[in-house]
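Reading through the structure tokens given below for one structure.
Read-outs throughout are calculated quantities, based only on the coordinates presented, and are distinct from any laboratory measurement. It should be emphasised that the depicted structure is a prediction, and the values quoted were computed from it without experimental measurement. Cβ coordinates were reconstructed from backbone atoms using ideal geometry, including for glycine residues, and neighbour counts include every protein chain displayed.
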Amino acid sequence: MRLPPYLMQVKIHGQRHAFSIWLPLFIIGPIALIFLLALCLIALPFLLLSLLFTWRWYWWRYAIIGVPAFFGILHSLPGLKVDVDDEEQHIVVAFY
């Protein structure tokens, strides 16, 4: 069973200094979900009005396909390491 990432580490190495921060995604995630839910509740009346006036139902297909795809991508993130190197900086973002 694949689980979503619970930690993200961001390392920035410059010519003069280095900086590293650990972000606990298991704390940030629920807070972000609450904000997302609030945004969806604000947008819901406008979506229903646009649906009422246009009578186009085809966009529901994208929502039905997109939600499982989003969670599949989210659960595939642990172990991902993004390494960006420049002449002046070196940035590493890792998910655990």
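With a simple spin-label model that places each label point 7 Å from the Cα along the Cα-to-Cβ direction, the separation between Tyr58 and Trp22 comes to 4.9 nm. Stretching Ala69 away from Ala43 to a fully extended chain increases their span by 7.2 nm, per 0.36 nm per residue minus the current alpha-carbon distance. Scaling the Cα radius of gyration of the stretch 16-91 by the globular reference 2.2 N^0.38 Å produces a ratio of 1.69.
Largest first and in whole Å, the equivalent-ellipsoid semi-axes of the stretch 7-46 read 35, 12, 5, each the square root of five times a Cα gyration tensor eigenvalue. Within the chain, the longest run free of trypsin sites (Lys or Arg not before Pro) that sit in a DSSP loop with at most 14 other Cβ atoms within 10 Å is 57-96. Averaging the sequence gap over all C-alpha pairs within less than 8 Å and six or more residues apart, then dividing by the number of residues, gives the stretch 7-95 a relative contact order of 42 percent.
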